[in-house]
1. Where does the charge balance sit around L245 when Lys and Arg score +1, Asp and Glu -1, over other residues with C-beta under 14 Å from its C-beta?
2. With a 1.4 Å probe and all protein chains left in place, how much of the accessible area of the range 1-95 comes from carbon and sulfur atoms, in whole percent?
3. What is the packing order of peptides 525-532, 636-643, 466-473, taking the mean over residues of other C-beta atoms within 10 Å and listing the highest first?
4. What percentage of the solvent-accessible surface of the range 359-502, computed with a 1.4 Å probe over protein heavy atoms, is contributed by carbon and sulfur atoms?
5. Evaluate Rg over Rh across the range 408-484, taking Cα atoms for both radii and Kirkwood's formula for Rh.
6. Under a cut-off of 16 Å between alpha-carbon atoms, report the lysines in cross-link reach of K35, not counting same-chain residues fewer than 8 places apart.
7. Could you check the spin-label model distance between R91 and Q8? Points 7 Å from the Cα along Cα→Cβ, value in nm.
8. For the chain, what is the accessible area per residue in Å² when the probe is 1.4 Å?
Amino acid sequence: GPQKVDRQVDSVCPFCGVGCLVTYQVRDEKIISVKGREGPANEGRLCVKGRFGMDYIHSPDRITQPLIRKEGVAKDLELMDGHTDWREVFREATWQEALDLATQPLNALRHQHGPKSLAGFGSAKGSNEEAYLFQKLVRTGFGSNNVDHCTRLCHASSVAALLEGVGSGAVSNPVRDVEHSDLIIVIGSNPTANHPVAATWMKNAAQRGTRIVLADPRITDIGRHAWRTLPFKADTDVALLNAMLHVIVTENLCDESFLRDRADNVAELKAHVQDYTPEAMSAVCGIPADTIREVARAYASAKAAMILWGMGVSQHVHGTDNVRCLIALASITGQIGRPGTGLHPLRGQNNVQGASDAGLIPMMYPNYQRVSDKSAHDWFEKFWDTKLDDQPGYTVVEIMNKALAPDTDPHKVRGMYIMGENPAMSDPDLNHARHALASLQHLVVQDIFLTETAWLADVLLPASAWPEKTGTVSNTDRTVQMGRQAVLPPGDAKPDLWIIQQIAERMGLNWLYAGEHDGVAEVYEEMRQAMAPTIGGIDWARLNAGSVTYPCVNAEDPGQPIVFHDHFPTKDGRVWLVPAELISAAERPDADYPFVLITGRQLEHWHTGSMTRRATVLDALEPAATASMCGADLRRLGLQAGQTVRVASRRGAIELQLRCDEGTPVGTVFVPFAYVEAAANELTHAALDPFGKIPEFKYCAVQIQAL
Ligand code: SF4
């Protein structure tokens with residue numbers, strides 16, 4: 001029969017950006033099961049992570065007491081191997097002592113070396129309120145704009161292209177709008193693994209006749225539901241997309257009235273794509289010219305067609321160019337601004353949209369107001385009643401480089417505060433990133449586990465897991481939703497919002513958020529004022545009653561799931577089209593490193609694995625790191641599935657088990673990045689897209705050896 005529960009608490013799934021609503025079933029102060037709830041993104045559906053992944057919060061690995069690095073214990077990179085007892089490295093402390101020891105060195109570094117010697121990484125796994133307060137702390141307390149988070153590793157290039165082109169970095173249409181599409185292009189994305197409930201809406205649409213085009217070097221599960229699959233060669237997105245643009249332009253399939261009324265730089269784009277014939281580009285991208293023509297015609301002539309993309313598009317040195325091409329495709333065909341059309345960069349983390357909106361980025365205040373824009377700068381100086389730096393701060397990878405800068409560099413980063421992020425696993429070229437973290441004079445880490453990053457901390461502040469606190473998150477569809485505290489944090493762990501305020505107080509900031517749950521509603525209301533054109537109509541009471549999609553400007557506004565009906569939020573209301581050239585990956589295969597490495601995720605594990613590898617069911621489903629290759633490559637190398645191999649790049653080497661996956665292209669190996677014992681990012685390359693500053697996680701050269 002049904003299990004008896006003490007209470008049921010409504011919240012949002014803490015894993016991916018789809019934003020499924022859940023109800024926790026609580027018994028004896030433990031979450032014993034999770035039910036899907038009727039929400040706009042999920043209608044009661046959940047994937048395996050949302051359904052079975054929640055017991056990470058009850059893991060015995062939780063940090064339950066503030067910890068201080070013991071006197072004289074060096075920041076040894078080997079300590080994070082999982083075999084070290086934390087007591088060898090840290091001692092327990094009271095909150096009072098830990099908070100003082102966390103903050104005093106930050107104050108001293110600022111005093112001695114200036115505001116730019118400090119930096120903060122906030123989190124896309126926390127609430128909007130935490131993100132907002134964290135960036136406010138860095139800008140007003142640390143005194144610089146050196147604040148960033150994992151959006152830099154995710155859709156930074158998409159956001160750069162979208163802000164430039166359409167004036168807004170968010171999606172134009174929600175995922176469920178695929179119901180109204182007669183064709184969808186899924187490019188550089190494996191939605192079944194990474195946005196599983198979103199993938200179910202795509203599959204349902206396909207059953208009803210929507211044609212799915214999967215354009216991806218890896219043919220993943222969604223390919224089984226596709227009308228056409230385009231397994232283009234990794235790194236050749238622009239070749240494929242420019243060839244499609246060429247077909248649409250030369251065969252007069254453009255929506256000329258849309259272009260006349262709503263687009264600029266059209267002639268330049270049309271002239272640029274003339275040279276990119278399907279025949280010429282077929283040789284580059286490996287897709288037959290006829291297929292390129294067929295798909296381009298189908299997209300242009302569809303009544304409503306939508307493009308959805310993921311990290312396969314964004315994580316390249318030409319990630320911004322890739323997205324410029326997608327914007328051009330949607331614009332020249334008029335496939336935007338109506339139901340079933342538009343551009344949807346599928347957001348990864350549960351709150352990466354909201355954390356970015358809230359200003360957890362170095363070049364923008366809340367609501368994407370540029371720190372370099374005088375009126376925005378002046379507005380926030382008044383709003384926060386303090387002096388603010390008007391120079392953009394450094395981004396994630398730049399901050400790591402600045403940590404290793406010579407002592408003479410006036411912008412050398414010496415002290416950091418990291419809340420809920422794990423750059424010692426998630427950054428590219430991990431040896432570099434880990435050395436950078438270890439070299440800091442002072443590192444404060446706030447997390448729920450002793451993550452790989454936390455092992456390098458001077459002070460470790462035990463935080464709360466998502467089901468232990470109340471706050472809001474914004475999903476990939478721009479829908480703001482409330483999560484509620486279901487259980488108390490274990491031991492002496494505290495809500496992140498409380499910890500941020502304690503640090504702020506010790507930096508001399510006079511904040512007063514006195515209400516329930518550490519003043520979460522007051523923080524939200526302050527953020528709402530700073531973001532009036534976006535969420536002005538969504539007050540706390542409204543969120544308490546249900547989900548609302550922004551833009552929502554006043555109490556009567558029901559929220560706008562579909563945007564760009566009649567104008568774009570650019571200066572002149574028109575879309576700006578940007579031609580893109582072919583640019584090669586930063587590191588290509590050669591005789592020594594003949595294989596291409598593609599990193600990514602898998603269904604059962606979440607990002608760096610700190611949560612899901614501590615979730616019993618998920619860990620049992622995928623207990624070990626694997627490298628996937630196709631059968632032809634295995635035979636060619638005389639290797640077998642199940643065998644352990646060494647995968648090495650110029651930057652590092654890992655050992656893991658081979659898996660045969662016919663969806664992996666010839667000459668390529670796919671490795672998920674969730675496994676510390678075989679951390680894929682030890683191999684990756686830190687080359688950056690010049691616009692989004694996103695690293696090239698999706699392409700570098702490796703060699704493979706049998707062990
Ligand atoms: Fe959670 Fe995403 Fe799965 Fe929904 S699809 S249950 S939000 S992980």
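The values are calculated or read from the model by the stated rules, or taken from the named source; none is laboratory data. Worth saying up front: this structure is predicted, and the values here are computed from it rather than measured. Glycine gets a Cβ as well: all are built from the backbone with ideal geometry, and neighbour counts include every protein chain shown. Ligands, DNA and RNA are stripped out before the accessible areas are found, and what is left, the full protein with its side chains, is counted by its heavy atoms. Shrake-Rupley method; radii C 1.70, N 1.55, O 1.52, S 1.80 Å.
1. Neighbour charge sum, excluding L245 itself: -3.
2. Details: 2210 of 4710 Å².
Roughly 47 percent, rounded to a whole number.
3. 466-473, 525-532, 636-643
4. Using a 1.4 Å probe with all protein chains present, the range 359-502 comes out at 50 percent carbon and sulfur.
5. We get a ratio of 1.08 for the range 408-484.
6. K4, K49
7. The two pseudo-label positions are separated by 5.0 nm.
8. I get 34 Å² per residue for the chain.
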